Amino acid sequence: MSGPKNKSRRRFFIAVALVGGGLLVGYALRGRDRLARVPAFARGGKAFALNGWVKIGPDGTVTVAVPHQEMGQGITTALPMLVAEELDADWSTVRAEQAPVDKIYGNMVVLGDSLPFDPDDRGAFASALRWVAHKASETLGLMVTGGSTSVRDGWEPMRVAGASAREMLVAVAAKRWNTAPAECFTDAGYVLRRGSGEKLGYGELAAEAAQLEPPRKPKLKARADYKLIGTPAPRLDTPAKVDGSAQFGIDVRLPHMLYAAIRQCPVFGGALKAYDAAKLRGLPGFKAAVPVLGGVAVVADSWWRAKRALDQLEITWDEGPHAALDSGAIFAQYGRDLEHGKATTYAERGDAVGALAKAAKVVEAEYRVPFLAHATMEPMNCTARFGNGRCEVWAPNQSPTLVQWVASRAASVDFGSVTVHTTFLGGGFGRRAEMDYVVQAVTVAKAVPGTPVKLVWSREEDIRHDTYRPAAISKFRAALDGAGAPLAWWNRIVGPSVTRSFMDRLLPWGGMDYPPDKTNAEGADDLPYELANLRVEHVLSKTPVPVGFWRSVGHSYNAFFTECFLDELAAAAGKDPYQFRRGLLATHPRHLRVLATAAEKAGWGTTPAPGIGRGIALHASFRAIVAQVAEVSVTDKGEVRVQRVVCAVDCGTAINPDTIAAQMESGIVFGLTAALYGEITLDKGRIEQANFPDYRMLRLADMPEAETHIVESGAALGGIGEVGTPPIAPAVANAVFAATGKRVRSLPIRASELARG
Amino acid sequence: MLELRINGEARQVDVEPDTPLLWVLRDTLGLTGTKFGCGVAACGACTVHLDGEAVRSCVIPVSAVAGKEITTIEGLGAKGLHPVQQAWIAHQVPQCGYCQPGMIMASAALLAKNPRPSEADLDAALSNICRCGTYGRVKKAMRAVAGRKGG
């Protein structure tokens, strides 16, 4: 697998040096300090902190610090399971607590994952950069939840924290019994003395254990000894989520709190020119109008009053240079860049161009996908209080460290003067890795010092001021030999860079020289199929539309592109799409097994019920492999109904199989919503959609029967939160072809293109 | 001053009469279990019971509910978890959980009227949006509750 070209490599070093030098100096964290007690975690309540990750109360309640943010993916259950396993805790006594911002909780794998290399690339250059990224991560201590990294990130430190705490409890018990630690064992929240029947509860030992120095290299369990990992332990957050007591960001309530509603410039690249707040004075509860990032906020003593006042505010916008932009112009630009733009090669094997020139049979197709909004159920919101040189922020967010950085910048106070409280997230999907709502809330709070303010976006603002999944196009050319085997595969993708767009928003200086963005070609440049002559390129095509990380990022479109085109190739070769894929996976046994599991469980090869078409897709992302078989029916009017989805997944080791099934169901619904309905369009520089009536979501009545089969491979840990999304669009599109003979090359699937007659 | 009956208690509120019930519940009374999702009755996150009927509180002016019995998620399980809430735990329905109070209120109202809802009844009554895609588990949990109710 070839890496990016030399010039790009140099640029990447420049980027790393800039990020490393500009932001991170003086934040060294040595690995051995990761068990340090963190004051903000240790204090509060009556529990005793054994290290920075575990505290135990006198009643035996075990509280685990969770450095990742709960947005539905079940991380406040999976990570405590890792601690509880090694601690031998009783699961019914385990609680999760959001970790405060501290470097010991930094995500150590997410930066490495962002590098533009195949995870299996063991070359010197890739390895060196991975090491640099790891060191940068240690230095940074960046707490961030994304890239399906949470369990991989927590796997080592959280098991070590549990095992270390267990050894401390054993040491105290052994001392009390005046025996050796080897004469003790642990089970379900107790230390027991061999052959005596004596036992001491963890709650009885915690205070004394908390005085000990945590062992740095505790003995970890062998996998065969796991009792909790691999079981469907009930989620710790379920009770609060069924009785209304779960606290999301939007639920934060503080004494004397005010509320803010916001309106942002309807045109991307525009700005606030003027507003007249004079007429708002005298409106019930009105307090202030405040210019903020992107627009203006109105503050009142209730959100409804703030919104009503905002509705009456006369605002003049400077619409900027993009007030004539529409979706047609963006796709026309992509089309020009496809032919004439500067392509970056992401993967190259053999000579695809040469093989295509000589081939007798060439298959060609072009695909496209639209911009998409995240539309988390909880609209963007943030609560902030500013005063006495300090800033306190309550936010449902995917990166408390970034919240601390941007809040300190917006409030003009140092990092240490910012306290971040992370609540439950009412959905994240990448949207809450953005920091716009934090900057806005802190700006508003500065205007009313000493008083907390809760900023809540309307749904209309949420849909129209998102950082969108990029619209993209992708062209393929492939050659088949006389026996129907692929001779060459050429693929060029066109679209904007998510990472560049994100970094431009985040970094104060902006506009720096970036390396090729891995997310552009992910899922297209790392195909598992044996294709001897292959070339995958991307042409960067910038637009004024801000783009962001949207569940599975580049995989969300490249899976659709590649798995649909592969299906076209199978059809051109006169082969069954499942068997065709099998034939290209001889050197990828894990992929083959996942594909075969989905096919067998779905009854591939049997005749589907009348009117049903069956489609299959395989896609690896975030170090997990997923295959899905979809069964669809299509009415005469061209309306597609997905009847059934069979999903197989290999994510290495399964921590909580019920969570994995839930995440597959979730990823399928998220991807189905996009495939069947999702489309954000622009006219006159504005997003045309505004709310759920015109940005349609899958509902219960549209839900197919879905089943998940976990394929345990024992391989290294993979992700789970995003990996269920990519394969569903191609599985459905391929099923539509099976049902109708018509290819879907553009999403969302349009009934008008499938209608009969 | 308006007098409301919420979760069996009389509550006085001093708000503009056209304020949607949702914001009175959340901001004035601190009952934050009822969620804001869209403001246009399209998503169901704000579902509460009005005299036993599931309604979307984001578009109902508070002046229209005086004298009616309002039940929120906080009141549904006040005397022990409602069978729907129990089923939600048994089937591990919630993910992010944000839409679930509304989904649970809609489900409880459906069962009160129709203890053995068919699949079509579920499809029609439960039009709430869940972005995490818990629909499959909602259906399973509801089938279980309906089965138990029927003996």
message: Using just the Cα positions, wrap region B:83-149 in a convex hull and report its mean projected area in square nanometres, one decimal place.
response: 3.7 nm²
query: Which order do peptides A:165-171, A:722-728, A:444-450 fall in by mean Cβ count within 10 Å, highest first?
result: A:722-728, A:165-171, A:444-450
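Work through the residues other than A:Asp59 whose Cβ is under 11 Å from its Cβ and net out their charges, Lys, Arg +1 and Asp, Glu -1.
0
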query: Going by average Cβ neighbours within 10 Å, how do the peptides A:87-96, B:133-142 rank, with the highest at the top?
result: B:133-142, A:87-96
statement: Taking only Cα atoms of region A:572-661, the Rg to Rh ratio with Kirkwood Rh works out at 1.02
- line: With the 8 Å Cα cutoff and a minimum separation of six or more residues, chain A has a relative contact order in percent of 14 percent
- request: Provide the per-residue ³J(HN,Hα) series for region A:577-583, in order, calculated from phi with Karplus coefficients 6.51, -1.76, 1.60 and θ = phi - 60°, each as a whole number of Hz, with x at glycine and proline positions.
  value: x, 6, 5, 4, 5, 3, x
field: Amide H contacts under 5 Å for A:Glu70, placed H, 5+ residues apart
entry: A:Leu425
query: Can you run phi through the Karplus equation (6.51, -1.76, 1.60; θ = phi - 60°) for region A:655-670 and list ³J(HN,Hα) in whole Hz, with x for Gly and Pro?
result: 7, 10, x, 6, 5, 4, 4, 4, 6, 5, 4, 5, x, 5, 5, 4
Table column - 3J(HN,Hα) (Hz), region A:490-503, Karplus curve with 6.51, -1.76, 1.60, x for Gly and Pro: 10, 9, 10, 9, 10, x, x, 9, 5, 5, 4, 4, 5, 5
field: Translational diffusion of region A:649-757, µm² s⁻¹ [Kirkwood Rh, Cα pairs; Stokes-Einstein; 25 °C; 0.890 mPa s]
entry: 154 µm²/s
- prompt: What is the pair-distance distribution P(r) of the protein assembly as shown, computed from all Cα-Cα distances in 10 Å bins starting at 0, with each bin given as a whole percent?
  reply: 2, 12, 21, 25, 21, 13, 5, 1, 0
query: What FRET efficiency, computed as 1/(1 + (r/R0)^6) with R0 = 41 Å and r the Cβ-Cβ distance, is obtained for A:Ala180 and A:Lys227, rounded to the nearest 0.05?
result: 0.95
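Over region B:8-81, what relative contact order in percent results from Cα pairs under 8 Å that are six or more residues apart?
Working: 106 pairs, mean separation 23.7, N = 74.
Value for region B:8-81: 32 percent.
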- request: Find, to one decimal place in angstroms, the Kirkwood hydrodynamic radius of region A:219-331, where the mean of 1/r is taken over every pair of different Cα atoms and then inverted.
  value: 18.5 Å
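Sort A:174-182, A:652-660 by the packing proxy (mean of other Cβ within 10 Å over each peptide's residues), most packed first. List each step's numbers first, then the result.
Details: A:174-182: 12.7, A:652-660: 21.2.
Ranked from most to least packed, the peptides come out as A:652-660, A:174-182.
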query: In the protein assembly as shown, what % of DSSP beta bridges are antiparallel (nearest 5)?
result: 75 percent
query: Which whole-percent values make up P(r) of region B:2-76 when all C-alpha to C-alpha distances are grouped in 5 Å steps starting at zero?
result: 4, 19, 33, 30, 13, 2
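Work out the mean other chain Cβ neighbour count within 10 Å for the residues of B:17-27 and drop it here as an integer. Write out the running numbers ahead of the final one.
Numbers: counts 0, 2, 5, 1, 0, 2, 6, 2, 0, 7, 11.
Across the residues of B:17-27, the mean count of other-chain Cβ atoms within 10 Å is 3.
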- prompt: For region A:503-597, which chymotrypsin sites (Phe, Trp or Tyr not before Pro) are both in a DSSP coil and crowded by at most 15 other Cβ atoms within 10 Å?
  reply: A:Trp509
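Anything in chain B that counts as a DSSP H helix reaching 18 Å or more along its axis (C-alpha) with Kyte-Doolittle mean of at least 0.0? List them, would you? Spell out each step's value before the answer.
Values: long enough: B:100-113 (20 Å, 0.92); B:135-149 (21 Å, -0.77).
Result, helices passing both filters: B:100-113.
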query: Taking the simple approach of a point 7 Å from Cα along Cα-to-Cβ for both A:Glu712 and B:Ala90, what is their distance in nm?
result: 2.7 nm
- line: Partner shielding of B:118-124, as the mean number of partner chain Cβ atoms within 10 Å, equals 2
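Based on the alpha-carbon gyration tensor of chain B, what equivalent-ellipsoid semi-axes (square roots of 5 times the eigenvalues) come out, in whole Å, largest first? Working shown, then result.
Values: eigenvalues 143, 50, 35 Å².
Gyration-tensor ellipsoid for chain B: 27, 16, 13 Å.
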task: Restricting things to alpha carbons, tell me how big region A:526-640 is in terms of Rg and Dmax, in Å.
output: 16.2, 49
statement: Which residues qualify? For A:Gln98, with a placed amide H closer than 5 Å and at least 5 residues away or on another chain, they are A:Val66
query: Over region A:430-549, what is the mean sequence separation of C-alpha contacts under 8 Å (at least six apart), divided by residue count, expressed as relative contact order in percent?
result: 32 percent
query: Roughly how crowded by other chains is peptide A:539-546, in terms of the mean Cβ count from those chains within 10 Å of each of its Cβ atoms?
result: 0
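What do you get for trypsin sites (Lys or Arg not before Pro) in region A:266-366 restricted to DSSP loop and a cutoff of at most 14 other Cβ within 10 Å of the site's Cβ? All intermediate terms of the calculation are to be shown ahead of the outcome.
Values: sites: A:Lys273, A:Lys279, A:Arg281, A:Lys287, A:Arg305, A:Lys307, A:Arg308, A:Arg336, A:Lys342, A:Arg349, A:Lys358, A:Lys361; in loops: A:Arg281, A:Lys342.
Filter output for region A:266-366: A:Arg281, A:Lys342.
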- request: Could you tell me which trypsin sites (Lys or Arg not before Pro) in region A:524-581 are loop residues by DSSP with no more than 13 other beta carbons within 10 angstrom of their beta carbon?
  value: A:Lys542
field: Debye log10 I(q)/I(0) for region A:634-702, one point scatterer per Cα, at q = 0.18, 0.27 Å⁻¹
entry: -0.85, -1.24
message: Under 5 Å between amide hydrogens, which residues at least 5 positions from B:Thr47 or on another chain qualify, with H placed 1.01 Å from N in the peptide plane?
response: B:Lys35, B:Ser57, B:Gly102
- prompt: Taking 0.36 nm per intervening residue step and subtracting the Cα-Cα distance, what contour gain separates A:Asp683 from A:Gln579 on full extension?
  reply: 33.0 nm
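The numbers here are math on the coordinates, done by the rules we state, and not lab data. Because the structure is a prediction, the values reported are computed rather than measured. Cβ: placed from backbone, ideal geometry, glycine included. Neighbour counts: every protein chain shown.
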